[in-house]
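Working notes, structure below.
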Amino acid sequence: MPRGHAGRSKALATNQEIDNPITKKHEVIHTYGWYLKRFIADARAKGATPILCTLIPRKTWEDGKMVRNKADYAGWAAAVAEGGKSRWWI
């Protein structure tokens, strides 16, 4: 299940309560990791084997080689997958 960040420049560090201006309802927006865990649980409940695919790494170069950034989405997906005993791919 490839996951994007829906156009957000930064993921939420904690859950946030908001008044949604579109739906006019009060709701909770969860963290990126919360949604990944939910997707894993939902997939398993339907008998599927979840495999997380991280976002395409940005072109960060070090010593002539591309460095995979594990400080944000890729790292979070790996941590959630490992904690939930799921497969993941960067």
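Odds and ends about this structure:
- Selection within region 37-64: residues that are in contact with a Ser or Thr (Cβ under 9 Å, 6 or more places away or on another chain), surrounded by 15 or more Cβ atoms within 10 Å (Cβ to Cβ) and not β-branched (Val, Ile, Thr). The member of this set that is modelled with the lowest pLDDT is Leu52.
- For region 35-43, the count of residues that are without any contact (Cβ under 8 Å) to a residue 40 or more places away in the chain and in a loop (DSSP other than H, G, I, E, B) is zero.
- Residue in region 1-36 that is modelled with the highest pLDDT, counting only those that are among the polar types (S, T, N, Q) and more than 20 Å from Ala81 (Cβ to Cβ): Thr23
The values are calculated or read from the model by the stated rules, or taken from the named source; none is laboratory data. The model shown is predicted, which means the values in this text are computed figures rather than measured ones. Positions of Cβ are backbone-derived with ideal geometry, glycine not excepted, and every protein chain shown enters the neighbour counts.
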